[in-house]
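The values are calculated or read from the model by the stated rules, or taken from the named source; none is laboratory data. Owing to the predicted nature of the structure, the values given are computational and were not obtained by experimental measurement. Note that we place each Cβ from the backbone using ideal geometry, even for glycine, and neighbour counts take in every protein chain shown. Remember, those area values only see protein heavy atoms, side chains included, never the ligands or the DNA or RNA. Shrake-Rupley method; radii C 1.70, N 1.55, O 1.52, S 1.80 Å.
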Amino acid sequence: MRVPTNASLRRGLGFWANLLGYQGVWFLLVSGAARASLVVPIAAAVAFVVVQLIMTAEPRSEGRLVVAALLLGAVTDGVAAALDWLRYASPAPALPPQGAPLWILMLWACFATTINRSLTVVRGRPWLAAVLGGLGAPLAYSAAASGWHAVEWTSPWALVWIGACWAFALPILVRVNASSTQGQIPRSE
């Protein structure tokens, strides 16, 4: 029988804390957007990202990953909003104005912290990242739409756009992570 080490226990706890924390923040942000009550959800999301940055061995690399996710989110959701393919509950404040709402950008930032913790399976596997992004994101947006009315699909192109952007964005985030850490974080087993 193999006895777990302190490092493996910390990794396991980090995995679960990140996974459950991200899901909790996702729920807070989506339900808060639907109710136009975002102060607590955004504060929780900022706190989640800050804790993840504090807990990582490479805060600068993780910070670059968060910034990359924010830029990708601003383009992905900003274009969908500008073209009126998606309508967001609580659309302001947004970046750019009339673009991606702050609450959804915070989801992107929080999501970026999963790559080195609860989503390590995609590291070194860009094809898997593309598949998971292309399928998972439309499902998450659909859950936000049907469960909480935080987003509204106004065009069938929105589904294609979100799927394609996430199929592109998640491998980019994996690549940014790999280049930021310069190979110091091994691919998950």
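Here are some notes:
- Evaluation of residue 131 against (1) more than 26 Å from residue 54 (Cβ to Cβ); (2) of a type outside the set (Ser, Thr, Tyr); (3) surrounded by 19 or more Cβ atoms within 10 Å (Cβ to Cβ) (one fails), failing number: (3)
- Qualifying residue in the range 161-170 (condition: open to solvent by 30 Å² or more (accessible area, probe 1.4 Å) and either in contact with a strand residue (DSSP E or B) (Cβ under 9 Å, 6 or more places away or on another chain) or acidic (Asp, Glu) (or both)): yes
- Top-ranked residue of the range 52-83 - restricted to ones that are without any contact (Cβ under 8 Å) to a residue 12 or more places away in the chain and in a helix (DSSP H, G or I), ranked as farthest from residue 133 (Cα to Cα): 54
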